[in-house]
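Nothing in this text is a laboratory measurement; each read-out follows from the coordinates by a stated rule. None of the values given here were measured: they were computed from a predicted structure. Note that we place each Cβ from the backbone using ideal geometry, even for glycine, and neighbour counts take in every protein chain shown.
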Amino acid sequence: MVGDEGGGERDGAMEAPRAAAREARLCELVEKSARGEPLSKSAIKKLRKLEWRASSEARERVKDVRKERRELRKQGDAPAAAAPACAPTRALRAPFSLTPADAGARAYAFWRRIGEPKAVLAPMVNHSELAFRLLARRHGAPLVYTQMLNATSFVSSAAYRADNFERLAADRPLIAQFAGDNGATIERAARHVVGAVDAIDLNCGCPQAIAKRGHYGAYLLDEPDLIVSIVQHLSGTLDVPVCVKIRVLPSAAATLSLALRLQEAGCVLLTVHGRTRERKSRGEADWAAIAAVKAALAIPVIANGGVERAEDFAACLAATGADAVMTSEAALENPAIFAGAPCTRARQLALAAEYVALADEHRPPSFAIVKSHLFKLLYISLAEHTDLRAALGAAKSHEQLRAVYNELAARERAVGDAAPDAFAARCDCDGAPFVSWYRRHRGVVSGGDGGGAVAGGAVDADYAP
């Protein structure tokens with residue numbers, strides 16, 4: 001019996017590497033197929049076998065997840081106090097106030113623990129779900145954030161937690177972003193994820209109307225005392241580091257004052273979006289304003305806003321002196337930006353295939369999230385194959401969605417055969433042969449077939465908190 005148990009343990013230990021090898025081989029074959037490279041009969045047979053196995057395993061996992069969610073909804077939303085992870089709030093250990101030297105030493109110890117990343121995937125409403133985070137990590141993202149999580153819903157609803165937060169060992173380092181205006185509530189929400197994340201982030205950057213109605217995000221910037229008190233409470237009660245994401249304020253003095261107060265209150269990492277709340281995503285990001293904040297603080301600063309191409313990471317780091325650069329919208333159309341890869345029509349087709357496979361395995365809470373990602377990844381292709389754009393919008397299941405993608409991939413291979421240079425050309429620069437999704441809302445001033453060069457500053461997604 002002991003020998004049998006040992007054999008079972010060895011088999012279990014070997015299964016993870018085997019699964020990883022199968023996934024790597026599947027991705028390799030899918031990418032080759034998407035690029036139009038000919039596959040041998042044995043490779044085609046292997047591809048079909050791997051796709052069938054991945055689909056079968058994914059269906060079993062999805063069944064388990066759906067069963068768990070149904071059970072949670074049958075039980076109803078239990079009071080927060082019933083959950084051990086959501087125990088009554090703690091009293092502050094002591095009034096939380098740090099000198100710049102103490103704040104810097106504490107913060108950079110955390111920064112080193114998570115690998116001192118230079119590029120970061122932003123928290124994006126309904127777009128930073130697990131499947132997309134894993135895709136970004138696969139292509140070089142060293143640090144990612146969850147989507148914005150409503151603290152009140154996270155505390156009160158087990159179903160909301162199951163739908164919006166999934167624990168996975170490979171999904172680290174990870175920062176969970178919460179939206180709310182009450183320190184005790186955010187603390188309780190954070191206790192549900194302690195141990196599964198490397199830090200929590202307070203959203204003080206979302207400029208949308210829903211944030212105004214909910215009294216969170218960038219609408220807290222009108223009440224700096226409230227933001228500071230929340231960060232003090234979290235820093236003094238939680239055993240996980242506390243970060244904050246803000247936007248620049250109308251005056252440089254107000255921005256610096258808030259940043260310094262947050263550092264003193266225990267914030268270990270400050271992300272600064274270089275646009276005011278009122279500007280949302282319009283116009284160029286103010287990198288000089290971010291540089292002023294970085295120069296004044298002793299803690300790590302992440303610059304956000306104005307990144308479209310891989311080269312923009314280095315330009316932003318140089319201009320701001322920041323410790324890292326965060327991007328949102330550019331990564332939605334090209335998750336391989338983190339690996340330094342330019343956006344091309346051919347690359348987007350391969351990335352979309354990877355995302356479909358990951359979404360099969362790690363189903364987002366809403367099917368609309370999957371379609372939204374594909375509309376962005378395949379914007380150029382769908383603009384040409386309008387019937388498939390309509391079919392993607394009408395898809396009701398992952399099987400229908402995969403069928404639409406397969407048909408689109410077949411047509412795109414024909415496009416690539418007819419115009420290989422344009423198909424492999426960059427779409428994220430002036431004079432590009434196609435207008436990419438990132439550049440869709442700026443005026444085209446020059447370019448080849450379909451345009452590409454545009455006027456105006458770089459923009460980030462409105463939905464990036």
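Over all Cα pairs of the range 345-454, how is the pair count split among 5 Å bins, expressed in % and running from 0 up to the last occupied bin?
Final binned percentages: 2, 12, 23, 23, 18, 13, 7, 3, 0.
List the residues whose amide H sits under 5 Å from the amide H of Asn150, counting only those 5 or more places along or on another chain, with H placed 1.01 Å from N in the peptide plane.
Ala179
For the range 245-292 and the range 339-356, what is the centre-to-centre distance using only Cα atoms, to the nearest Å?
With the range 245-292 and the range 339-356 each reduced to a Cα centre, they are spaced 32 Å.
Per residue of the range 308-315, in order, report the coupling 6.51 cos²θ - 1.76 cosθ + 1.60 (Karplus, θ = phi - 60°) as ³J(HN,Hα) in whole Hz, putting x for Gly and Pro.
My calculation for the range 308-315 gives 10, 10, 4, 5, 5, 4, 5, 5 Hz in order.
Whole-Hz Karplus ³J(HN,Hα) for the range 202-215, in order, using 6.51 cos²θ - 1.76 cosθ + 1.60 and θ = phi - 60°, x for Gly and Pro?
After applying 6.51 cos²θ - 1.76 cosθ + 1.60, I find 8, 7, 10, x, 5, x, 6, 4, 5, 5, 5, 5, x, 6 Hz.
Compute from the Cα atoms of the range 94-213 the Rg and the Dmax, the latter being the longest Cα-Cα distance, and quote both in angstrom.
Reported Rg and Dmax, both Å: 15.0, 43.
Quick one: which residues, 5 or more positions from Asp286 or on another chain, have an amide H under 5 Å from its amide H? H modelled 1.01 Å from N in the peptide plane, none for Pro or chain starts.
Correct list: Gly274, Arg275.
Please give the peptides 184-190, 362-368, 316-322 ranked by average Cβ packing (other Cβ atoms within 10 Å per residue), highest first, as a rough proxy for protection.
On the way: 184-190: 24.6, 362-368: 17.0, 316-322: 19.9.
Top to bottom by mean Cβ count within 10 Å: 184-190, 316-322, 362-368.
At 0.36 nm per residue, and after removing the present C-alpha to C-alpha distance, how many nm does the segment from Ala419 to Asp222 gain when stretched out fully?
Working: separation 197, 0.36 × 197 = 70.92 nm, distance 5.30 nm.
Length gained, Ala419 through Asp222: 65.6 nm.
What's the percent breakdown of Cα-Cα distances in the range 80-339 across 5 Å bins, shortest bin first?
Spelled out per bin, shortest first, that is 1, 6, 14, 19, 21, 18, 13, 5, 1, 0.
Would you please give the FRET efficiency between Arg172 and Ala296, computed as 1/(1 + (r/R0)^6) with r the Cβ-Cβ distance and R0 = 22 Å, to the nearest 0.05?
It comes to 0.10.
Taking 56 Å as R0, compute the FRET efficiency from the Cβ-Cβ separation of Glu407 and Ala101 and round it to 0.05. Mind dumping the intermediate values first?
Numbers: r = 61 Å, r/R0 = 1.09.
E(calc), rounded to 0.05, equals 0.40.
Tell me, what ³J(HN,Hα) does each residue in the range 419-432 have, in order and in whole Hz, if you take phi through Karplus 6.51 cos²θ - 1.76 cosθ + 1.60 with θ = phi - 60° and put x for Gly and Pro?
Karplus values, whole Hz, x for Gly and Pro: 9, x, 5, 5, 5, 9, 7, 5, 10, 10, 8, 4, x, 5.
Just the Cα atoms of the range 258-382, one point each, no solvent: what log10 I(q)/I(0) does Debye give at q = 0.11, 0.20 Å⁻¹?
-0.49, -1.07
Rounded to a whole number of µm²/s, how large is the Stokes-Einstein D of the range 153-247 at 20 °C and 1.002 mPa s, given Rh as the Kirkwood radius over C-alpha pairs?
Result for D is 157 µm²/s.
When only alpha-carbon atoms count, how far does the range 299-355 stretch along each of its three principal axes, as whole angstroms with the largest first?
So the three principal-axis extents are 39, 17, 16 Å.
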